[in-house]
Amino acid sequence: MNKTLLLICAFSLNAFTIPNSIIAIVNDDLVTFDQISVDIKSNHTKVQKLVLVNQQIDLILQLQKIKQLNITPKENAINSMLGNIASNNNLNLMQLQSLPKFDEVIDHVKQSLSLEGLRQFIVENLDIKLTEVEIIKQLIKTPNHSNKLTQQIKIAQIAVNSIDQVDSLLRSKDSLIKDFLIDLSEKINKGDSFSTLAKLYSQDASYKNGGKSDWLNLLKLPEIFKQNLKNLSVGDLSQPFKIGQVWRIVKIIDKRSVDNYLIELKTKLIRQKENIYFNDWIKKLRKEAYIEIFDNKL
């Protein structure tokens, strides 16, 4: 809509104190009294009401940018958030969907996920570095934090759950797979690339990455896993072992001990810096936008 027309509409409604009266214009969008009225308390001053108006303006600017960038939440993220909402209210998903205002819930979920998607898009290329001084300053504030270390490992695996039995009908599948993995182990110990063999033979999704994992919490691994890895050092290869229907050999890529509190603290500090950057970005959006506030209506 033309901005002049928006202004004419706004001023024509100026004399009326109706709930949906226009109290601001943000580019080609309007802010109405209805949009902030739910947050207004009877004792709110004009300044406090203006804060709510500016919050709504910031929201609209972000939604405009989301539309411009075509940021849309994924279906699995929407379903996951709906599941959490249902669980937090002692409902199942079907009961939540049957509520009269479920459409409003969906809209809120999509908006929340889209806003977070926008934030991630804006901060994703930041290279935030934390100084030792910043970290120590935060640690001083919590001198009694737990220093318990978590043991983590990074592994590579070749996992097999099926094998061609045409030439060995008299032998069990388990026996064939175990011998096959023993043969692969011998090749690896003689210098063949674990990564190459994993890409060729592993039937686990990790084959694309040469069988490599991210860092794993040692205590949370299945008991059979822990038993077969407990005496291995970095670079060692396990004997073939079976979990469920899957046989595997595992190589220890790396080990480390981590202070979970320190990791959480660093994550928090990085998030704070990202928030500062994102808020500055919103301020820049405001400077570039056409914004008109009719504070006489508050």
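Things worth noting here:
- Single match in Ile128, Ile158 (criterion: among the aliphatic types (A, V, I, L, M) and part of a loop (DSSP other than H, G, I, E, B)): Ile128
- Total residues in the stretch 33-49, condition under 28 Å from Gln68 (Cα atoms) and either surrounded by 17 or more Cβ atoms within 10 Å (Cβ to Cβ) or in contact with a strand residue (DSSP E or B) (Cβ under 6 Å, 6 or more places away or on another chain) (or both): 3
- Count - residues of the stretch 161-183 that are of a type in the set (Asp, Glu) and either modelled with pLDDT of 90 or more or not in a loop (DSSP other than H, G, I, E, B) (or both): 3
- Taken over the stretch 184-213, the residue count meeting the criterion of being touching a residue at least 24 places away in the same chain (Cβ under 8 Å) and not in a helix (DSSP H, G or I) is 7.
- Filter result (touching a residue at least 40 places away in the same chain (Cβ under 8 Å) and either outside any helix (DSSP H, G or I) or charged (D, E, K, R) (or both)) within the stretch 32-57: Phe33, Lys46, Lys49
The values are calculated or read from the model by the stated rules, or taken from the named source; none is laboratory data. What you see is a predicted model; the values in this text were computed from it and never measured. Cβ atoms come from the backbone with ideal geometry, glycine included; neighbour counts cover every protein chain shown.
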